[in-house]
Amino acid sequence: MTRHLVVIGASVRALACSATRAGWLVHAGDLFADADLLATAASVTRVAGGGRHGYPQGLADVLATSPPGPWCYSGALENHPDLLDVMAARRPLAGNGGAAVRAVRDHARLGAALAEAGLDAPATFPSPRGLPTDGSFLVKPSRSAGGRGIRPWHGGRAPADHVWQERVAGRTWSLSFVCGAGTGRLWGASRQLVGRSWCHASPFAYCGSVAVPPGSLPASTRARARRLGDLLGSGFGLMGLVGVDVVLGANGRLNVIEINPRPTASMELSERIGAGSLAENHLAACGVASPPAHAAARPSCPTTTWAKAVLFAPRPLDLTTSRADRLAAHAAAWTAHDGWPAVADIPGVGSHIPAGSPVVTLFAAATNEPLARRRLRQRTERLLSVLLARHPAGR
């Protein structure tokens, strides 16, 4: 049995690290090649820029140069179903191919299927013709990830390759399903953090999550989630871990905003609260058994609430040696407290981070949600002060 696994996408650290803990030798390719990914994976390729060898086309080169074994992907390769088909023809894909991705990302087809299953979704149109311009609709790129490029629709020239979606009142959640064999089981749930000013995120950008045990959801919400899981598994034939962005209304109804047919950013928190291995659940649902895991592969889970935040750069940043050392010191102290890595997606020393780009991901654990949120914000603000601090030249 091979122990080699290829993991590719825009940012693969969470899935790659989970797969390493599950006993795989991971060969990774993404846009960042962050320091913690380099320290974990057997090999890492940074695929940046455009063109044949840039993102995303260059990810095919990672497959071609990696040892034999299955491959899987994270976001945002669902935006490139043709490329998925090309790569799936070259080696076994543990995940959803182009046909399944096209089907579930077709707003008209998805909306009709949800309605037939008695589930809700906001009205979505390929054109703004006849729609109000009072901000009650959002204009969204057809190919996007993490909420980037979304804005209220106030009229003007209609951009190409966008959709217009009705705004729905309520709280934004992420639901995770393990799909396969015509079924879909609710595996994880989290409240989304979107557009938080303390993360310096743009208004609709995903900037974190707070994990919630699925069993704590209202019974009516869980019942609708079961119907949604059945639709994903049987109606669309999806496999592996699938993320669903929903708005949960005051009446407990789920409004399905978007289907992400692959492991998503929020899912690593489910692993931390004890739901099982992210990678093992995904691969097993795709018919791929993981090799025997290493001893003590999974850190202990001392608390019940986990939260994460993505810190964006408020202005251009350079990660000097001094800043990197202070970042590492804080990360080590917080990790010792929590039992899992407290800072992730760490740029290498000397990295230049443009304004508005992600800097690092932070985590916090606590015995309850308010404390976890407060601790997460404090850590984020503390780390930002380190990154913005002035230091002597050359340091």
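The values are calculated or read from the model by the stated rules, or taken from the named source; none is laboratory data. Everything numeric in this text was worked out from a predicted model, so none of it was measured. Glycine gets a Cβ as well: all are built from the backbone with ideal geometry, and neighbour counts include every protein chain shown.
Checked against the criterion of being under 22 Å from W173 (Cα atoms), among the hydrophobic types (A, V, I, L, M, F, W, C) and over 23 Å from the mean Cα position of the chain (by Cα), the stretch 326-343 contains not a single residue that satisfies it. Scan (1) assigned to a helix (DSSP H, G or I); (2) within 21 Å of the chain's Cα centre (by Cα) for the single condition V86 breaks and write down its number. Of everything listed in (1) assigned to a helix (DSSP H, G or I); (2) within 21 Å of the chain's Cα centre (by Cα), V86 misses just condition (2).
Report yes if some residue within the stretch 172-180 is touching a residue at least 24 places away in the same chain (Cβ under 8 Å) and surrounded by fewer than 17 Cβ atoms within 10 Å (Cβ to Cβ); otherwise report no. It would help to see each step written out before you state the result.
Taking the stretch 172-180 as the starting set, the residues that turn out to be touching a residue at least 24 places away in the same chain (Cβ under 8 Å) are 172-180.
Adding the requirement that they be surrounded by fewer than 17 Cβ atoms within 10 Å (Cβ to Cβ) leaves none.
Checking the stretch 172-180: not a single residue is touching a residue at least 24 places away in the same chain (Cβ under 8 Å) and surrounded by fewer than 17 Cβ atoms within 10 Å (Cβ to Cβ).
When the stretch 47-79 is filtered for residues that are of a type in the set (D, E, K, R) and closer than 30 Å to V244 by Cβ, only E78 remains. The number of residues in the stretch 121-156 that are crowded, with 18+ Cβ neighbours inside 10 Å, touching a helix residue (DSSP H, G or I) at 6+ places or on another chain (Cβ under 8 Å) and among the charged types (D, E, K, R) comes to 0. Look at G75 and say whether it is at pLDDT below 95, in the same structural domain as G95 (by TED's automatic domain parsing) and in contact with a Lys or Arg (Cβ under 9 Å, 6 or more places away or on another chain). It is true that G75 is at pLDDT below 95, in the same structural domain as G95 (by TED's automatic domain parsing) and in contact with a Lys or Arg (Cβ under 9 Å, 6 or more places away or on another chain). Within the stretch 142-152, the set of residues being touching an Asp or Glu at 6+ places or on another chain (Cβ under 9 Å) and at pLDDT 95 or above comprises just one member, P152.
The lone criterion from (1) closer than 19 Å to A211 by Cβ; (2) buried (at least 18 other Cβ atoms within 10 Å of the Cβ) left unmet by Q378 is number (2).
Of all residues in the stretch 15-22, none satisfies being part of a loop (DSSP other than H, G, I, E, B) and either within 19 Å of V360 (Cα to Cα) or of a type in the set (V, I, T) (or both).
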